[in-house]
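The values are calculated or read from the model by the stated rules, or taken from the named source; none is laboratory data. Keep in mind the model is a prediction, meaning the values are calculated, not measured. Cβ placement follows ideal geometry from the backbone for every residue including glycine, while neighbour counts extend to all protein chains displayed.
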């Protein structure tokens, strides 16, 4: 059970893959946090959520960047601070490949690399 939301926090973290993350009882948020805390602002850019599950999601698009939610299952929500939505694809339905990370690893190092990871 998550006691808080999952996602980037505090001042523009960049380029993270959330691959098959499951959050029970809370949200995954990639958003403008404005003046929360010590003035967090945009929490992240170029984030990819791939086949994730949560109670809800806030995925916003920061200036000059994008955030992606692909194959994610959970309610889309707006934040108090209205911003343009990030990119959504296949909302409510998982996509293939099941794991983007493992697919990229296989493409880069070959199928045998997956056997090493799964030992």
Please go through the stretch 73-98 and give me each residue that is modelled with pLDDT of 95 or more and within 14 Å of residue 5 (Cβ to Cβ), ordered by number. 74, 75
Which numbered condition trips up residue 14, out of (1) over 30 Å from residue 105 (Cα atoms); (2) surrounded by fewer than 14 Cβ atoms within 10 Å (Cβ to Cβ)? (1)
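Regarding the stretch 43-64, can at least one residue be identified that is more than 17 Å from residue 84 (Cβ to Cβ), assigned to a loop (DSSP other than H, G, I, E, B) and more than 12 Å from the chain's Cα centre (by Cα)?
Within the stretch 43-64, the subset more than 17 Å from residue 84 (Cβ to Cβ) is 48, 50-56.
Subset that is assigned to a loop (DSSP other than H, G, I, E, B): 51-52.
If we keep only those that are more than 12 Å from the chain's Cα centre (by Cα) as well, we get none.
No: zero hits.
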Give the number of residues within the stretch 40-59 that are modelled with pLDDT under 95 and more than 14 Å from residue 16 (Cα to Cα). 3
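Filter the stretch 96-119 down to the residues that are part of a helix (DSSP H, G or I) and in contact (Cβ under 8 Å) with a residue 12 or more places away in the chain, then identify the one that is nearest to residue 52 (Cα to Cα). First the steps, then the outcome.
Residues of the stretch 96-119 that are part of a helix (DSSP H, G or I), as a first pass: 100-109, 112-117.
Adding the requirement that they be in contact (Cβ under 8 Å) with a residue 12 or more places away in the chain leaves 100-102, 105, 114, 117.
On the way: 100: 11, 101: 13, 102: 15, 105: 19, 114: 21, 117: 21 Å.
Within the stretch 96-119, the match that is nearest to residue 52 (Cα to Cα) is 100.
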For residues that are surrounded by 15 or more Cβ atoms within 10 Å (Cβ to Cβ) and either closer than 16 Å to residue 20 by Cβ or touching a residue at least 60 places away in the same chain (Cβ under 8 Å) (or both), scanning just the stretch 71-90, find the one that is nearest to the chain's Cα centre (by Cα). 72
